[in-house]
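Report on the following structure.
The values are calculated or read from the model by the stated rules, or taken from the named source; none is laboratory data. For clarity, every value in this text was computed on a predicted model and none was experimentally measured. We place every Cβ from the backbone using ideal geometry, glycine too, and count neighbours over all the protein chains shown.
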Amino acid sequence: MEEIKDRFKVKAEELGAEIKEILKTHGKKKIGEVTLSQIYQGMRGITGLVTETSLLDANEGIRFRGYSIPELQKDLPKAKGGSEPLPEGLFYLMLVGDMPTEADVNMLTANWQRRSHVPNYVFDTIEALPVSAHPMTQFVVGIMALQTGSQFAKKYAEGMNKKDYWSATFDDTMDLIARLPRIAAYIYRRKYKNGDHIQPNGLLDWAGNFAHMMGYNDESFKELMRLYMTIHADHEGGNVSAHTTHLVGSALSDPFLSLAAGMNGLAGPLHGLANQEVIKWIFEMRKELDVELPTKKQVETYVKKTLGEGKVVPGYGHAVLRKTDPRFSAQMEFGKKHMPNDPLVKTVWRIYETVPDILSSLGKVKNPWPNVDAHSGALLVHYGMVEYEFYTVLFGVSRALGVLASLCWDRALGFALERPKSVTTELVKSWLDGKEEIWEG
Ligand code: CMX
């Protein structure tokens, strides 16, 4: 068996035994209560999922297996001559739970290269769509076309023992991650570069090769891709893309079906599509004001106009976070290092100086600070990637690392079909009138 697969198996067996013991002794322990507001308002704050790969702290931001983003930037292996973490390393950390060595990361790069062949019918399926189709639509269709090669689906149909679910999930996960950059780059070149495709370079790392296939060979763009693919990978289990992948996977839908579902969720403007909305909004602001770098006063007026039109300020706010997203800060650091005088990047920083006070003054926004999506577009535009409709696909390729590592854990730990209870308002009213007892599970 592959080394990483063996290591994952050992870790999963250990944790599986531990969880069994925890549930035997403490299975009935209450860990919270649920209010009516929570069930009507997006289940905010209800602890209802277990996700091993990362944990979000409202004030500190995301930690992957206990490591913050600055710690990952310091400790994860880098490409030769580079200073940003290799996403292969983050995947290893999320899956196995240990900080990888350089040899572990090289092993993963080689493994994904071996698995990276995308059959021609996948490209043909994408080609059947009009070129005007949104890149996320093309991306999901590409993933669905790949599904025909699912090991999990094939083995399940042949009568797979449930003890082997994790193994087939692992194989599909590795195949998917290996192939996603090729599909994403194909969509980019198809839509924006007249179908002038670029063959993979087998000597490059996963993110470096992705940059190369999209047509960006600047070393600092490759570094940006390594950082981008690392920081967007996971944000614990309750966000729409992670939760959807987990939910659909709980029906034993294979990893291709599950990831495609998660990616459809990522394509929503309140989630991953916000990265395209941010840059679109900034471009519109600059056009309307007819300036390259608006003043703070101009930004303030434009933000108030956006709010007055009943719209949200894209890239600001978060369902869980209550401080500046460290993923925003990591990108800001990258900007300071590689492009401190870029007017668009400086506009993002000026917006950062302006928006939090305005959102706070509304009195209802729980988090006035920027999230991950507030910064990414400006860095991409700096290198010439101006096609903002594509940005969510970049997010999706990265997010696959986290949600698929989690799916491996779901199957290895034998997690159950997800099936929460729902109620009607009629029933809620009869609870409130005391006509019926509130059910407590
Ligand atoms: N601009 C204007 N109003 C905002 C706002 C923003 N950036 N963020 C929150 N609000 C408003 C909400 O719309 C809500 O208003 P109503 O009560 O009138 O409906 C109110 O403030 C309270 O919302 P909240 O509890 O603070 O935020 P939610 O948990 O409901 O929503 C989020 C979180 C991210 C959807 C929201 O902040 C938002 O719409 N932000 C802009 C879109 C965005 O950047 N999304 C990307 C998130 C990161 C990601 O998943 O990729």
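What to note about this one:
- Tabulated pairs, the range 35-55, first more than 19 Å from Ile22 (Cα to Cα) and among the basic types (Lys, Arg), second part of a helix (DSSP H, G or I) and within 15 Å of the ligand (Cβ to nearest atom), C-beta under 8 angstrom, 6+ apart or interchain: Arg44/Gln38
- Unique match (being within 16 Å of the ligand (Cβ to nearest atom) and either of a type in the set (Val, Ile, Thr) or not in a helix (DSSP H, G or I) (or both)) among Thr230, Thr173, Thr169: Thr230
- Met225 being modelled with pLDDT of 95 or more and closer than 21 Å to Ser258 by Cβ: no
- Residue tally, condition exposed (fewer than 13 other Cβ atoms within 10 Å of the Cβ) and in contact with a Pro (Cβ under 9 Å, 6 or more places away or on another chain), over the range 105-132: 0
- Any chance Ala185 is within 24 Å of the chain's Cα centre (by Cα), closer than 26 Å to Ala267 by Cβ and buried (at least 20 other Cβ atoms within 10 Å of the Cβ): yes
- Residue check, Gly272 closer than 18 Å to Leu180 by Cβ, without any contact (Cβ under 8 Å) to a residue 40 or more places away in the chain and within 11 Å of the ligand (Cβ to nearest atom): no
- Candidates Leu252, Leu247, Leu259, Leu266, filtered to the one that is modelled with pLDDT of 95 or more, more than 13 Å from the ligand (Cβ to nearest atom) and under 22 Å from Glu389 (Cβ atoms): Leu259
- The conditions of being in contact (Cβ under 8 Å) with a residue 24 or more places away in the chain, surrounded by fewer than 16 Cβ atoms within 10 Å (Cβ to Cβ) and outside any helix (DSSP H, G or I) are met by Ser83.
- Check on Val291, among the β-branched types (Val, Ile, Thr), away from the ligand (no atom under 13 Å from the Cβ) and over 28 Å from Glu60 (Cα atoms): yes
- Within the range 269-308, the set of residues being aliphatic (A, V, I, L, M) and closer than 15 Å to Phe390 by Cβ comprises Leu273, Ala274, Val278, Ile279.
- Among the residues making up the range 336-374, a single one is among the β-branched types (Val, Ile, Thr), under 25 Å from Arg399 (Cα atoms) and within 10 Å of the ligand (Cβ to nearest atom): Val372.
- The range 294-312 residues that are farther than 20 Å from Asp373 by Cα, paired with ones that are of a type in the set (Ser, Thr, Tyr) (beta carbon under 6 Å, 6 or more apart): Lys296/Thr354
- Test result for Glu277, within 12 Å of the ligand (Cβ to nearest atom), in contact (Cβ under 8 Å) with a residue 60 or more places away in the chain and in a helix (DSSP H, G or I): yes
- Which numbered condition Glu102 fails, given (1) farther than 19 Å from Glu223 by Cβ; (2) surrounded by fewer than 19 Cβ atoms within 10 Å (Cβ to Cβ); (3) of a type outside the set (A, V, I, L, M): (1)
- Residue that is farthest from the ligand (Cβ to nearest atom) [pool: residues in the range 305-320 that are part of a loop (DSSP other than H, G, I, E, B) and more than 27 Å from the chain's Cα centre (by Cα)]: Glu309
- Filter result for Gly402 (in contact with a His (Cβ under 8 Å, 6 or more places away or on another chain) and of a type outside the set (Phe, Trp, Tyr)): yes
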